[in-house]
Amino acid sequence: MTGRDRPLPYRTVALLLIALFALAGSQGRPALAAPLIADLSNHLIAITTGFAGTDVLMFGATDGPGDIIVTVRGPLTDVSVRRKERVAGIWVNRDSLTFGLVPSFYAVASSRPVEELLTPELLQRQQVGESNLALIRPEAKPTKVEEFRQALLRVKEEQGLYSPTLGKVSFLGNQLFRTELRFPSNVPIGSYLVEVMLIRDGKLVSAQTTPLVISKTGVGAEIFQFAHTQSLAYGISAVLAALLLGWFAYLIFRKI
Amino acid sequence: MQIYLPIAEMSLDIFLLLALGTGVGFLSGMFGVGGGFLLTPLLILIGVPPAVAVATQANQVVASSVSGVLGHWRRDNVDFKMGFVLLIGGFVGSTAGVALFGLLRRLGQIDLVIGLLYVVLLGLIGALMMIESLGSILRRRHRAVAPRKLHQHIWLHGLPFKMRFRKSRLYISALLPLVVGFFVGIVSALMGVGGAFILVPAMIYILGMPTMVVVGTSLFQIIFVAANVTLLQSVQNQTVDVVLALVLTVGGVVGAQIGSRVVAKLPADQIRVLLAALVLVVGAVLAWELVATPESIYSIALVGEPR
């Protein structure tokens with residue numbers, strides 16, 4: 001049950017609605033009250049036993065020409081970055097630095113390369129691009145912090161949770177836009193924020209934030225929940241189950 | 001067919017897991033070892049996070065020990081008094097072991113410690129088994145039989161707090177089984193094994209127990225130590241995966257029953273050579289993982305819950 005299974009009806013209906021909206025607007029005065037309206041085809045991604053990643057469609061309309069930047073940020077956590085060193089022939093984790101407010105997932109899509117749209121200061125303020133993420137940096141030598149920060153981004157990219165390439169936002173005409181947001185199978189659960197920005201002449205004209213929830217469902221989710229919220233009861237159940245299973249095995253095989 | 005393991009947060013082939021459980025259970029039925037010392041590293045090799053493999057294995061050990069001890073109990077081969085004394089040491093040891101496990105995990109060194117312990121112990125046990133089994137093959141060829149005492153008296157047996165263990169026909173200091181139980185408890189918590197492969201030699205050579213009651217008694221105490229480890233790992237580290245444990249146990253008990261029936265029909269010392277070779281190979285693979293240059297020298301770990 002993912003976006004991949006049934007995106008088409010959603011997508012068509014949504015696009016049609018927006019198209020109608022825009023058409024109505026183009027005949028008289030601008031129909032859009034806000035300069036920017038955007039939404040997702042799906043606000044809840046359910047991770048089930050067979051989850052293999054999914055696409056979510058982001059679509060919207062602007063009140064005139066301009067460019068769009070979309071950022072997706074997963075739940076924020078503290079992350080330790082560890083570096084292995086060879087000690088007496090064995091690879092051992094030695095140095096470690098902890099960064100704060102690290103998005104567990106991060107992706108950017110835009111209609112043109114972001115450097116052409118906004119000044120470096122604005123990119124940084126809006127946290128557009130991996131290197132502009134507002135991480136809380138640990139206190140250490142700046143060169144070391146920078147080295148570990150680069151490593152953090154690289155590992156996240158290897159895990160497929162940060163995307164080094166820019167996603168494509170495409171315009172239909174000059175008011176309707178859409179983009180596919182790709183979520184891999186190992187996407188972390190939690191509350192995501194999808195931020196859409198309308199840029200015109202190097203200025204941020206309007207921005208809108210849409211929430212997206214990714215959660216586990218089914219038996220696996222319940223077991224995980226049980227283990228983490230009532231860990232004592234979980235442990236007791238695990239032991240009891242093992243005792244019973246062992247006893248049954250004895251009874252069955254004694255007869256054979 | 002893939003099965004999603006909710007605590008390990010990954011999918012694995014259910015038939016691969018069943019085959020692993022059956023294969024290791026088969027060996028354990030043949031050789032009377034728990035099999036955990038082979039299964040845990042195999043799980044790590046197929047990608048299960050070491051912390052989950054270790055904690056889950058403890059849960060699986062509970063089930064396999066129960067089915068084993070019931071059989072020994074029926075044949076009256078369990079020294080409960082000795083078992084309880086070992087158990088007290090085992091409880092303290094395993095509690096300390098799980099705390100140590102959590103500490104090492106926070107320090108980011110748990111994978112290294114598990115890896116090192118396995119390499120050292122697999123290497124040692126593999127080598128000892130190899131020497132012992134090759135020796136017995138040679139002895140059989142040469143027909144040299146050395147007379148042996150029931151058990152040797154060494155200085156350890158002169159310690160205070162003496163206790164009588166009727167079933168084991170022993171009168172020794174209670175400190176000995178307490179200390180032995182303590183160390184096996186620590187190893188059990190850190191490595192996710194029952195510890196039979198350490199406990200059994202210790203009971204024979206340090207405590208001087210008769211071989212008849214050793215296996216049943218060691219299984220008896222391992223049930224409780226492994227149950228304690230499972231409980232503590234669940235509470236402190238949330239790393240026990242019941243789905244994984246269930247699949248492995250089903251394979252394991254079936255394999256153990258087949259193994260114990262097959263072993264009667266095969267030349268034991270030659271098979272011990274093969275097992276020794278297998279143990280050494282697993283140890284060597286794990287040793288290679290420790291010394292080979294990793295693909296990336298950086299790794300990341302989440303700290304605390306998402307905000």
Can you find a residue in region A:90-109 that is within 30 Å of residue B:291 (Cβ to Cβ), of a type in the set (Lys, Arg), open to solvent by 40 Å² or more (accessible area, probe 1.4 Å) and not in a helix (DSSP H, G or I)? yes
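A quick yes/no check of all residues on (1) within 9 Å of chain B (Cβ to nearest Cβ); (2) under 30 Å from residue B:303 (Cβ atoms); (3) within 19 Å of the chain's Cα centre (by Cα):
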| residue | (1), (2), (3) |
| --- | --- |
| A:64 | no, no, no |
| A:77 | yes, yes, yes |
| A:81 | yes, yes, no |
| A:84 | yes, yes, no |
| A:89 | yes, yes, no |
| A:92 | yes, yes, no |
| A:101 | yes, yes, yes |
| A:110 | no, no, yes |
| A:122 | no, no, no |
Going by what's in this entry, would residue A:160 be described as on the phi > 0 side of the Ramachandran plot and either surrounded by fewer than 15 Cβ atoms within 10 Å (Cβ to Cβ) or touching a Phe, Trp or Tyr at 6+ places or on another chain (Cβ under 6 Å) (or both)? no
Looking at region B:65-78, can you tell me whether even one residue there is away from every other protein chain (no Cβ under 13 Å) and under 27 Å from residue B:301 (Cα atoms)? no
Could you tell me whether residue B:47 is within 14 Å of another protein chain (Cβ to nearest Cβ) and within 15 Å of residue B:212 (Cα to Cα)? no
Contact list please: Cβ distance under 8 Å, first residue in region B:233-260 and free of Cβ contacts under 8 Å to residues at least 40 places away in the same chain and within 8 Å of another protein chain (Cβ to nearest Cβ), second residue crowded, with 21+ Cβ neighbours inside 10 Å and part of a helix (DSSP H, G or I), pairs at least six apart or on different chains. B:235/A:235; B:246/A:245
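Which ranges mark the strands (runs of 3 or more DSSP E) fully within region A:133-202 that have 2 or more residues being closer than 21 Å to residue A:214 by Cβ and among the aliphatic types (A, V, I, L, M)?
On the way: elements: A:170-172, A:176-183, A:190-200.
Output list reads A:190-200.
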Of everything in region A:142-157 that's free of Cβ contacts under 8 Å to residues at least 24 places away in the same chain and either over 19 Å from the mean Cα position of the chain (by Cα) or loosely packed, with under 15 Cβ neighbours inside 10 Å (or both), which residue is nearest to residue A:69 (Cα to Cα)? A:150
Looking at (1) open to solvent by 60 Å² or more (accessible area, probe 1.4 Å); (2) at positive phi, find the lone condition where residue A:165 falls short. (2)
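The values are calculated or read from the model by the stated rules, or taken from the named source; none is laboratory data. For clarity, every value in this text was computed on a predicted model and none was experimentally measured. Methodologically, a virtual Cβ is constructed for each residue, glycine included, from the backbone with ideal geometry; neighbour enumeration extends over all protein chains shown. Note: areas computed on protein heavy atoms with side chains; ligands, DNA, RNA excluded. Shrake-Rupley method; radii C 1.70, N 1.55, O 1.52, S 1.80 Å.
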